[in-house]
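Asks: Handing you a structure now.
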Amino acid sequence: MKEFYSQVNRKTYYIIMSVVIVLMFGGLILSTTELEEINLGYIIHLLCVAGISACLWMYPRRETHFFRKVIILAGFAYFYTLFFMYPETWTTYIFISLFPALSILFFDSKLFYFSFTVNGILIAFTFSYILLVDQRNAYAYLHQDVVGNLINIVAIQLLMFLIFHLSFVRMRKQQHYYEQLQQSERLKMVAHLTAAVAHEIRNPVTVVRGFLQFFKEDPSFSESTKNKFQLMIDELNTVEHITSQFLTLSKPSVDQRPEEVNVKDVVESVEGLIGSYAMLSDKHLRIQAEEDCLIFINEIEFKQLLMNVIKNALEASDAGQSVAVMAKKDHEFIEIKVMDEGSGMSEDEVRSLGTPYYSLKSSGTGLGLMICFNIVEKYDGKIRYNSAKGRGTTVTIQFPAAKGSRP
């Protein structure tokens, strides 16, 4: 019951919930024929039916974890009220056994574990009451085989847990596949766009920049005018840089052939290139790489990947903070971690990384990180961002180890 964004889904939901609510009120009306007078149990039953009906009807407008938890608690109150009010109706025993399965429909793991735990506690209290207080009166069908019934209800809980675990894992895999498909479509879209536009942008920019450079050298212009020319040239250089990033995404890289690369050598090479940038901004770069960490990749692309990720980590850090780069073997993989002490990111920001035109920098385009994701995917690697607001960010990159590096 998680997606209600289309009219069809909403309509189906309201039809089904209307039937459920009618059945609950029907059961309530039917129970009045068996009662001599309105008692406390009947009032509790009425309140439970009204409460859970209101929650189910309001849910599409209040689709939050807290409201789901309210629905589950209302459901527990309803079914356990039925169990204790109508002990002769043995089917209520089935409802309390299977009720946590309803939380699976919300596709919320925390909610399932919550309902699973609450039901376990309530079942323990229920069986204690039946054994110690009931004394074979109201729940004779359970007393006939207490141990067998207890084993059955535990087995049902374990079966529900297994069903939830398997379905949730499969759902996560499908979600991951869907995200990869979306990312692939975005890359394809940008590739088509850049192939059509990038060269058309570069040609006039080159001409304009050439004339500006010529005018800058002309002695007839004053120094202030030449400074304005330089400012325009710098802005055109920025356009050229962005266009180059577009072309990196769109052009085929047949000339960039993969080879066996020593991760430590490349990391140290990148440290030499970017170390001065870190020192100028009063930040520290710490490198720790194991020997013989070999991967099969194009060295230029790998260097571009590390440069982008490390530079992002340095830019996210404040003066005096450190960025650590670690490379080590992890079974059949080589794992590279880049850890910063910056301000961190929220979950929504992490999920948006690698999408076109999304950047946390004021002047960023998001293409640099998109290229990184593309390189990692190209060589069957994985890249993960672990971040929280105020706690920094850890980027973990994994590539299959080359044969010479495997244990």
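For every residue, the table says whether it meets (1) at pLDDT 85 or above; (2) assigned to a helix (DSSP H, G or I); (3) in contact with a Phe, Trp or Tyr (Cβ under 9 Å, 6 or more places away or on another chain); (4) loosely packed, with under 13 Cβ neighbours inside 10 Å.
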residue	(1), (2), (3), (4)
Thr117	yes, yes, no, yes
Ile121	yes, yes, no, yes
Arg136	no, no, no, yes
Leu150	no, yes, yes, no
Arg172	no, yes, no, yes
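Asks: For Ile94, state whether it is without any contact (Cβ under 8 Å) to a residue 40 or more places away in the chain, open to solvent by 60 Å² or more (accessible area, probe 1.4 Å), more than 30 Å from Tyr13 (Cα to Cα) and under 40 Å from the mean Cα position of the chain (by Cα). Before the answer, list the steps.
Replies: Details: without any contact (Cβ under 8 Å) to a residue 40 or more places away in the chain: yes; open to solvent by 60 Å² or more (accessible area, probe 1.4 Å): yes; more than 30 Å from Tyr13 (Cα to Cα): no; under 40 Å from the mean Cα position of the chain (by Cα): yes.
No: the conditions fail for Ile94.
Asks: Kindly indicate whether any position in the range 101-110 is in a helix (DSSP H, G or I), touching a Ser or Thr at 6+ places or on another chain (Cβ under 8 Å) and farther than 30 Å from Ile43 by Cβ.
Replies: Yes.
Listed here are the residues, each with its yes/no results for (1) touching a Leu at 6+ places or on another chain (Cβ under 7 Å); (2) modelled with pLDDT of 70 or more; (3) loosely packed, with under 14 Cβ neighbours inside 10 Å.
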{"residue": "Ser6", "(1), (2), (3)": "no, no, yes"}
{"residue": "Thr12", "(1), (2), (3)": "no, yes, yes"}
{"residue": "Val19", "(1), (2), (3)": "no, yes, yes"}
{"residue": "Leu23", "(1), (2), (3)": "no, yes, yes"}
{"residue": "Ile29", "(1), (2), (3)": "no, yes, yes"}
{"residue": "Tyr42", "(1), (2), (3)": "yes, yes, no"}
{"residue": "Leu46", "(1), (2), (3)": "yes, yes, no"}
{"residue": "Trp57", "(1), (2), (3)": "no, yes, no"}
{"residue": "Leu73", "(1), (2), (3)": "no, yes, no"}
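Asks: Look at Ala313 and say whether it is within 29 Å of the chain's Cα centre (by Cα), in a helix (DSSP H, G or I) and touching a residue at least 40 places away in the same chain (Cβ under 8 Å).
Replies: Values: within 29 Å of the chain's Cα centre (by Cα): yes; in a helix (DSSP H, G or I): yes; touching a residue at least 40 places away in the same chain (Cβ under 8 Å): yes.
Judged against the criteria, Ala313 is a match.
Asks: Filter the range 265-310 down to the residues that are open to solvent by 30 Å² or more (accessible area, probe 1.4 Å), assigned to a helix (DSSP H, G or I) and farther than 22 Å from Leu353 by Cβ and list them by number.
Replies: If the condition is that a residue be open to solvent by 30 Å² or more (accessible area, probe 1.4 Å), assigned to a helix (DSSP H, G or I) and farther than 22 Å from Leu353 by Cβ, then Asp265, Glu268, Ser269, Glu271, Gly272, Leu273, Ser276, Met279, Leu280, Glu299, Ile300 are the ones that fit.
The values are calculated or read from the model by the stated rules, or taken from the named source; none is laboratory data. For clarity, every value in this text was computed on a predicted model and none was experimentally measured. With ideal geometry, Cβ positions are generated from the backbone for all residues, glycine too; neighbour counts draw on all protein chains shown. Ligands, DNA and RNA are stripped out before the accessible areas are found, and what is left, the full protein with its side chains, is counted by its heavy atoms. Shrake-Rupley method; radii C 1.70, N 1.55, O 1.52, S 1.80 Å.
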